[in-house]
Each structure stands twice: as C-alpha cells, then as structure tokens.
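Only one structure is covered here, and it is reproduced in the block below.
Quick note: the coordinates plus some simple rules give every number you see, no bench work behind them. Worth saying up front: this structure is predicted, and the values here are computed from it rather than measured. So basically every Cβ, Gly included, is an ideal-geometry build from the backbone, and we count neighbours across all protein chains shown.
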Amino acid sequence: MKLYPAIDLLGGRVVRLRQGEYGDSTHYSDSPVDVAESFVAQGAQWVHMVDLDAAKSGVGTNRSVIADVASALRGRALLQVGGGVRSVDDARELASVGVSRVVMGSAAVADPSLVDAVAGVVPVAVGLDHRTGVVATHGWTESSGKQLLDVLADFPSAAAFIITDISRDGMLIGPDADGLLQASRATSVPVIASGGVGTLDHLRALTGNAKLDGVIVGKAIYEGRFTVAEAIGVLS
C-alpha cells in the first residue's frame with residue numbers, strides 16, 4: 001500500500017484545515033518545496049498536494065509553487081495535485097509542469113464526462129468527499145445529494161478514487177476502515193483513503209484491506225505522531 005504524504009497550499013504556504021474549514025487552519029511551513037523534499041528523502045514515492053485557494057475560488061494562484069515542487073521532485077517521486085481542477089485546460093497546465101496525476105472533485109461529480117476528457121491529457125483521481133455517505137462538493141460547503149457508493153460507476157476512466165470522510169479529516173481519530181472496505185469492494189478502480197489517520201495503528205488497520213491502493217496522511221505527520229519513514233514501513 002502506498003503512502004501519499006500531503007501538502008495543502010493556502011497563500012503559497014503549507015497549512016492544514018480542520019474538517020475543511022478555511023477559518024480553522026494551522027500553518028506549518030513557508031516552503032512547500034522543502035516539505036516535499038523531506039517526504040521524498042524518507043522514501044515517499046508520491047506526494048499529494050491540494051491547492052486550497054483554487055479549490056475555493058477556481059483561480060490557480062499557487063500554480064508557480066506547484067511547478068517548483070514538481071521540478072524539485074522530477075525523477076525522484078510522483079506528484080498528485082488537486083484543488084480547482086475544473087477543465088481540460090487546468091489539467092493540461094498542471095501536466096505541463098510535471099504533475100503526474102490530477103485530482104478532480106466537484107467538477108467531476110457535476111459532469112462525469114469531464115473526467116473522460118481530462119484523462120486523455122493526464123491520469124485523473126476522482127476525489128469523493130462525503131459526510132455520512134453523501135458526497136459533498138465545492139470545498140465541502142455543498143451537498144451533491146448523491147450517495148458515495150452510487151457514483152463509483154460514473155467514472156470508468158478514473159485512475160483512482162480518493163475517498164475522504166469529512167467528519168474525520170484533520171481529527172486524528174482514525175479512518176472509516178469499514179466504509180473504505182465497502183467502497184473498494186464496489187469498484188475495480190484503485191481506492192485511496194483520506195482523512196482521520198492519527199497513529200501507526202490506524203495505518204495497520206488499513207493494511208487489512210487488500211483492495212486499498214494507498215492512504216493520504218497529513219496532520220499526523222506534521223504533528224509528529226509518526227514520520228513518513230515509519231508510515232511507509234508499516235504500509236509495506
């Protein structure tokens with residue numbers, strides 16, 4: 001199982017939001033490049049980035065920062081980027097600076113055919129963020145009214161699904177292992193877990209799901225609960 005250590009960008013800085021609330025953020029670093037390189041130095045093969053500004057506004061104000069990270073990681077690790085990817089042009093711009101896979105959330109849920117179009121440019125992970133099984137969109141501020149398990153079949157060209165339980169994100173209380181198992185059994189597309197991991201035991205619990213491709217971890221790493229190297233050791 002792969003580890004996807006996370007970098008969330010807000011105003012060009014590395015932050016973490018609590019349950020997706022922009023007014024409840026913690027600042028960790030002014031250098032996303034340094035953070036990404038520290039992850040790779042510990043063995044990470046992927047880095048997961050979210051442009052929080054673009055997710056909220058649709059404007060890619062952090063694209064130059066993303067380009068710098070992609071350049072620093074080139075040939076060493078792969079970069080997966082989400083937040084504000086709402087068109088083929090957005091995806092093409094990110095791919096052109098070295099992003100290996102884009103993440104589409106709200107735009108994908110609103111128009112699944114857009115994922116097919118973007119997948120012709122760069123691999124797409126579809127981000128499905130949910131509260132009690134109902135998919136949320138637009139930075140978690142709106143409900144789509146659609147059930148998570150019902151939409152999995154809508155994206156045949158997806159390279160992966162990133163499934164986030166919003167109620168657990170940033171809370172360090174553990175992921176929804178049962179829900180993730182149910183979702184991964186309902187699709188042949190690889191599933192990546194996101195949200196809630198706070199201990200190495202939480203990661204160990206996920207390794208029992210042979211259908212799970214990987215797990216995104218952010219706050220637990222920044223808060224010193226464990227290191228990237230320790231997490232990779234558990235997952236491998």
Problem - For V151, net neighbour charge (Lys/Arg +1, Asp/Glu -1) across residues whose Cβ lies under 13 Å away - result: -3
Problem - Among beta bridges that DSSP assigns inside the range 2-235, antiparallel share in %, nearest 5 - result: 30
Problem - Cα centroid separation - the range 97-119 against the range 1-69, whole Å - result: 19
Handout entry: the range 66-136: antiparallel DSSP beta bridges as a percent of all, rounded to 5
Key = 35
Fill in the blank from the handout: Note, the range 221-236: 3J(HN,Hα) by Karplus (6.51, -1.76, 1.60, θ = phi - 60°), whole Hz, Gly/Pro = x, goes 5, 5, 8, x, 5, 6, 9, 4, 4, 5, 5, 4, x, 5, 6, 9
Handout entry: Value at 222 nm in deg cm²/dmol, rounded to 500, when DSSP H runs of n ≥ 4 in the chain each add -39,500 (n - 2.57)
Key = -8500 deg cm²/dmol
Handout entry: Calculated volume of the Cα convex hull per residue in Å³ (choose from (1) 115; (2) 191; (3) 104), label
Key = (3)
